[in-house]
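Have a look at the structure below, then the notes.
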Amino acid sequence: MQIFDRYTDILQQIEQKGYPSQILGHTPDGSPLVCLRTGGEKTPAIFISAGSHSTEQAGVGAAMGLLDALDTEHQVYIIPTRDPMGMNGYAYALSLSLGEEPELNAIEDVEKILKARGEVLYEEGETVVAIIGEYGYSTVGIFGKFDIGADFLKPLFGRRIFFPSSAEGIEGTALCQRAYTLIVSPEGEVLHINRFHDTVWSPVEPRCTRNLMAEIQPGLTLDLHEYGGDGFWFSARHQRNENDEMWEKRMADAIIRAVADSGAKLAPEGYTPGSFFEIGERGVFWLIAQERGEGLNLADYGAHQYGPSFTIETGMTMQGGYQERVQTSILAAQTAISVFEERWR
């Protein structure tokens with residue numbers, strides 16, 4: 001599976017292969033938010049998305065790979081990336097305000113540009129936050145680092161803040177190759193794109209996703225992500241009724257069994273993504289969104305409104321590199337869908 005460097009690479013492949021698609025809306029830079037259709041006509045539908053965090057590109061590759069890999073009678077709707085702007089990279093994000101893409105070879109280059117071309121709102125240690133034009137820019141991630149409504153953030157209320165990918169040795173996400181998008185709510189809370197599915201005020205990306213879900217009423221939601229480790233895990237959600245809960249558990253059992261049998265490494269014993277998870281067997285976590293706060297992410301919202309929902313997490317440093325990350329994500333999705341099909345036979 002290829003690594004898509006820019007969002008236009010995905011759009012070109014969609015056109016070349018003739019995948020049925022629809023435009024759900026447009027991001028602030030004019031990029032179309034594209035949803036692809038595969039599968040048959042049977043309902044309930046299956047909804048798959050990826051790329052809400054632009055640094056997590058194996059999920060994007062897996063979403064595109066599933067277009068050809070899936071064989072199901074059910075309707076399948078796939079959003080291959082939910083952050084086209086961030087996928088295009090940090091130099092591109094800067095160009096939205098500067099008018100041109102600067103050359104970036106190090107985080108120090110980012111800092112110099114923010115100080116020279118922007119209005120610096122905050123500076124401490126390696127963290128520089130500036131506003132340039134309509135957007136905020138940071139040298140590092142600031143998610144969860146400041147109090148809601150911090151004074152320096154006031155010029156950014158209701159705006160976006162981009163910070164650059166900085167990890168080295170990650171296929172698909174090199175230094176500054178991606179721009180991670182943060183959103184500052186009108187109340188001054190710094191969140192990311194995947195946190196606004198239950199809010200009245202919502203950026204265009206989750207608003208489009210929410211509208212699509214209302215239209216297709218998915219019986220299964222899969223959101224393909226990555227994290228900074230070297231193993232695989234996923235999060236499930238408790239369901240609204242006993243039948244959905246039973247099938248969520250069956251899918252969860254099948255996913256972790258299939259991935260373990262494939263030889264892929266699981267997240268280590270004792271690992272936990274956060275205090276707001278119930279720990280199941282190794283590699284399986286049940287996320288309690290009410291304990292986390294911060295609003296509902298896509299899988300939270302899917303479980304809250306429609307039915308079984310999972311967030312798939314492959315490790316960015318898995319030994320097999322990008323291809324293993326993509327294939328493991330595809331395997332997890334295919335396994336969940338196989339059990340889903342059993343339910344609706």
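A simple spin-label model places pseudo-atoms 7 Å from Cα toward Cβ; at Ser95 and Glu41 they are separated by 4.4 nm.
Label point of Tyr271 set 7 angstrom out along Cα-Cβ; within the range 231-261, amide nitrogens under 15 Å from it belong to 231-236, 256-257, 259-261.
What does the extension gain come out to for Val204 and Glu342, with contour length at 0.36 nm per residue minus their alpha carbon separation?
Difference between extended and current length: 46.2 nm.
Annotation: the residues Trp233, Trp344, Trp286, sorted from fewest to most other C-beta atoms within 10 Å of their own C-beta, follow the order Trp344, Trp286, Trp233. Considering only Asp300, Asp71, Asp147, the mean-square fluctuation computed in a Gaussian network model of the chain, springs between alpha carbons under 10 angstrom, is largest for Asp147.
Here are labelled values, (1) 46, 25, 15; (2) 32, 21, 20; (3) 49, 22, 19, and one is the computed semi-axes √(5λ) of the Cα gyration tensor in Å for what I pasted. Which one? Entry (2). In degrees from 0 to 90, rounded to the nearest 10, what is the angle of the helix 204-216 Cα long axis to the longest principal axis of the chain? On a 0 to 90 degree scale, this one is about 20.
For the chain, the longest principal axis of the Cα atoms and the long axis of helix 321-343 meet at an angle of about 40 degrees. Taking the DSSP beta bridges with both ends in the chain, the antiparallel portion is around 60 percent.
Counting other C-beta atoms within 10 Å, and keeping those with at most 10, which DSSP coil GluC sites (Glu not before Pro) do you find in the range 259-302?
On the way: sites: Glu269, Glu278, Glu281, Glu291, Glu294; in loops: Glu269, Glu281, Glu294.
Answer in residue order: Glu269.
How much length, in nm to one decimal, is gained on full extension between Glu278 and Glu108, taken as 0.36 nm per residue of separation minus their Cα-Cα distance?
57.2 nm
Once you reduce the range 86-118 and the range 157-199 to the center of their Cα atoms, the two points are 15 Å from each other. Listed by chain and number, the lysines whose C-alpha is less than 24 Å from the C-alpha of Lys17, apart from same-chain residues fewer than 8 away, are Lys42.
Annotation: the antiparallel percentage among DSSP beta bridges lying fully within the range 1-135 is about 75. Shown here for the range 1-90: trypsin sites (Lys or Arg not before Pro) in loop regions (DSSP other than H, G, I, E, B) with at most 16 other Cβ atoms within 10 Å, namely Arg6.
Once the Cα atoms of helix 242-261 and of the chain are each reduced to a long axis, what angle between those two axes, in degrees from 0 to 90 to the nearest 10, is obtained? Around 80 degrees separate the two axes. The protection proxy used here, the mean number of other Cβ atoms lying within 10 Å of each residue, ranks peptides 318-328, 57-67 as follows, highest first: 57-67, 318-328. Simple spin-label estimate for Glu187 and Trp286 gives 2.8 nm between the two label positions (7 Å along the Cα-to-Cβ direction from each Cα).
Once backbone amide H atoms are built at 1.01 Å from N, Ala50 has Ile79, Thr81, Arg82, Leu224 as its partners under 5 Å, excluding neighbours fewer than 5 places away on the same chain. Ranked by how many other Cβ atoms sit within 10 Å of their own Cβ, fewest first, the residues Ile132, Ile79 fall in the order Ile132, Ile79.
No value in this document is a laboratory result; all are computed from the given coordinates. Values in this document were obtained by computation on a predicted structure and should not be read as measured data. Neighbour counts are summed over all protein chains in view; Cβ atoms, including those assigned to glycine, are modelled from backbone coordinates with ideal geometry.
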